[in-house]
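Have a look at the structure below before the remarks.
The values are calculated or read from the model by the stated rules, or taken from the named source; none is laboratory data. Computed from a prediction, not measured in an experiment: that's the story for all the values here. Cβ sites come from the backbone with ideal geometry, for glycine too, and all protein chains shown count toward neighbours.
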Amino acid sequence: MGVLTNDGAARGSQASRNAESTLRNLLDSSLLGVLYIAEDTIVFANRTALRLLDLPTERVVGQPVQEVMEGLHSDQRHDLIDGYRRASPETAARDARTEVRWCRPDGSVRWFEVQSVGASFEGRPALQVVFVDVTQRHEALDRLSASEERYRRMVESSPSGILVHSQGRVVLANKAAVALFGFRSESDMLGKHFLDYIDRQFHPVVQERVERVYGAGDSVPVIEVVLLRLDGSSFWAEASAGAVEHEGRRGSMVVFRDISERKKAELENARLEAQLLQSQKLEAIGRLAGGVAHDFNNLLTEITGQAELAMMDIRSDHSHYPMLKAVGDAAQRASALTRQLLAFSRRQALLPCGILLNDIVSGLETMLRRLIGEDIEFQIALSPEAGLVTVDPGQIEQVVLNLCVNARDAMPAGGRLLITTAGELLDDLQAAAVSLPCGGRYSVLSVVDNGCGMTPEVLCRLFEPFFTTKPKEVGTGLGLSTSYGIIRQHQGSIEVKSAPGKGSVFRIFLPRSEEEMGEKAARAVEEPLRVGGETVLCVEDEALVREVTVTMVKRLGYRVLEADSPSRALAISREHDGPIHLLITDIVMPQMNGRELAERLVAERPDLAVICTSGYTEDVFAHQGLLDRSVRFLGKPFTLRTLAGEIRNALDGDDS
């Protein structure tokens, strides 16, 4: 029995050794590092553990835990060793995991994830420590953390505003965004709906783009929107958006920048382009108007002249005298129409004089009351501060009439019309805001109504030639174009404010004049006709105009030579033995214009005085280089009295 017992014990011992050997082999082949700790000493370390720790067996197995663990980072060493000392197979927490940093003898650092559990080793209670190398994971996390830090710094230092919103709520805002929206800190913005910062008119387009970002993860192209600050003010911004992840949910990152200055510049460019387009339109219409006025004025010259000549042949109490006077007056009114036609293109020569702006308005009051009608309450409020202006009174009257007619038509059911005058001192910025060339003292005339008002679209086209909102049988579209041309020609401007249902305000700015009205403007007594006996050469290619002009000059007592062309005039000058004191010539003629004819005749007769006439205006010829400013110009149609005065002034050398 004893033999059998000994043999059984031997077999049991051998089996135990075989099991331990198998366990060691298994542990050595494991990819995990394994240590066994018993009584504060490391009693086993597998090959993987030795490789990961980069220590030989004799430095680990049989050594106290404290000495082996010298490679642990100082921040972790004490707590980990103390924990191993206190731990026992019964008290060790199963699956207790921690991460430690291990410094190898060569100075390299590895990160291990460590798990300790209660176990037994060679029949003794022990603590099993299993660890795996997680250095690559830690390095990846470090790189990710560094990348996130770089991204955070980049976001914070960006001059563009950056917002991140998820489920419509703001979850991140950089410093630029906080400043642009007028908040004190990022926390003040968090949690608010992103649409709270966007002008309502842009909500549909923004919402559509956000849905694309949330739904498909698309990036959306740049759009221009109006954003709202905390204080209620707004600014133009250029914004783009793309998808981002936030706490496991898809969000949207919006990048935007303030483009208010650019939009301001674009608006200014658009304003200048509109002014240029307006000028080009006026120039084109002006060329047409100039041609029409030229032909019309030639006809009016004949009508006016013949009427005056006929009136000179009869007594003032003759039955035909009033009729002839009516013909002459009608011709003068027709002449005023040609002036109006030219005014909107700024081609009409002005006849300026110093006059009180209040006097112009007062003189129109009776006419305006008849024109406006009884169903409109009409008031005039004149300020002495309006002062003196140097203007062509007839043209300013035309502007006031046009504006009042428009106001009347805007109030078909009646309303209120107010005309006021005032004086204003504008600095350069204020002047530029109302399209004036420079700051200074200005007289201001305002026409205010409470009619139907105008839409922005109508306001944009208000001064275009032939643009009108009235029926064809009512409006021509020239009234406001004419007014615009007249005021610009006087170096002034027109400011308009209007809205549908809110009425309209037209403010006319005219440069203030400090000069006193001269005696000539105030003189009401008509002087007698100025006559003479010198020799005058009249050159005119239009037969009827030439005939009446020659007759008028003869009636004034002068000897007259007449020619129907420049070549004939040159021939007459060479054939005439006596002196020729004055040349009266049309400017626009075939073969040679009036300026060239005058130059050639003056070269032959240095003492020859010259008067140029035309149905076009003086400004047109000066602009085209056909007339020197020093040359006397007589616009058609002209009266006998005007012709008499110009002839005597030319012959006497009087420039007054």
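Of all residues in region 420-435, at least one satisfies being within 27 Å of Gly363 (Cβ to Cβ) and buried (at least 22 other Cβ atoms within 10 Å of the Cβ).
Go through region 98-121 and report how many residues are on the phi > 0 side of the Ramachandran plot and surrounded by 14 or more Cβ atoms within 10 Å (Cβ to Cβ).
Initial filter on region 98-121 (on the phi > 0 side of the Ramachandran plot): 107.
Now drop any that are not surrounded by 14 or more Cβ atoms within 10 Å (Cβ to Cβ), which leaves none.
Total meeting the criteria: 0.
Tallying residues that are touching a strand residue (DSSP E or B) at 6+ places or on another chain (Cβ under 8 Å), in a helix (DSSP H, G or I) and in contact (Cβ under 8 Å) with a residue 24 or more places away in the chain within region 527-559 yields 3. The one condition from (1) surrounded by 15 or more Cβ atoms within 10 Å (Cβ to Cβ); (2) closer than 30 Å to Arg212 by Cα that Arg150 does not meet is (1).
Within region 123-157, the residues that satisfy the criterion of being over 24 Å from Arg110 (Cβ atoms) and in contact (Cβ under 8 Å) with a residue 24 or more places away in the chain are Arg124, Pro125, Ala126.
Taking the criterion of being at pLDDT 90 or above, surrounded by 20 or more Cβ atoms within 10 Å (Cβ to Cβ) and not in a loop (DSSP other than H, G, I, E, B), the residues of region 489-520 that qualify are Ile494, Ser498, Ser504, Phe506, Ile508, Phe509, Leu510, Arg512.
Quickly run through region 560-594 and pick out the residues that are part of a strand (DSSP E or B) and either of a type in the set (Asp, Glu) or over 11 Å from Cys538 (Cβ atoms) (or both). If you could, list the steps in order and put the result at the bottom.
First, the residues of region 560-594 that are part of a strand (DSSP E or B): 560-563, 582-586.
Residues satisfying the conditions are Glu562, Asp586.
Selection of strands (runs of 3 or more DSSP E) fully inside region 348-466 by the criterion of at least 2 residues being more than 17 Å from Gly492 (Cβ to Cβ) returns 376-381, 415-426, 440-449. Leu227 falls short on exactly one of the conditions (1) aliphatic (A, V, I, L, M); (2) modelled with pLDDT under 90; (3) within 23 Å of the chain's Cα centre (by Cα), and that condition is (2).
Within region 465-488, which residues are of a type in the set (Lys, Arg) and either at pLDDT below 70 or in contact with a strand residue (DSSP E or B) (Cβ under 8 Å, 6 or more places away or on another chain) (or both)? Step through it out loud before you land on a result.
We begin by selecting, within region 465-488, every residue of a type in the set (Lys, Arg); these are 470, 472, 488.
The answer is Lys470, Lys472.
Could you please let me know if Ser233 is at pLDDT 90 or above and among the polar types (S, T, N, Q)?
On the way: at pLDDT 90 or above: yes; among the polar types (S, T, N, Q): yes.
Yes: the conditions hold for Ser233.
Restrict the check to region 181-200 and report whether at least one residue is exposed (fewer than 15 other Cβ atoms within 10 Å of the Cβ) and in a strand (DSSP E or B). Yes, there is a match, as at least one residue in region 181-200 is exposed (fewer than 15 other Cβ atoms within 10 Å of the Cβ) and in a strand (DSSP E or B).
Residues that are in contact with a helix residue (DSSP H, G or I) (Cβ under 9 Å, 6 or more places away or on another chain) and surrounded by 23 or more Cβ atoms within 10 Å (Cβ to Cβ) within region 588-600 comprise Gly594, Leu597, listed in sequence order.
Just to be sure I understand, how many residues within region 112-141 are aromatic (Phe, Trp, Tyr) and modelled with pLDDT of 90 or more? Walk me through how you get there before you give the answer.
Going through region 112-141, the residues aromatic (Phe, Trp, Tyr) turn out to be 112, 121, 131.
From what is left, the residues that are modelled with pLDDT of 90 or more are 112, 131.
Residues flagged as aromatic (Phe, Trp, Tyr) and modelled with pLDDT of 90 or more within region 112-141 amount to 2.
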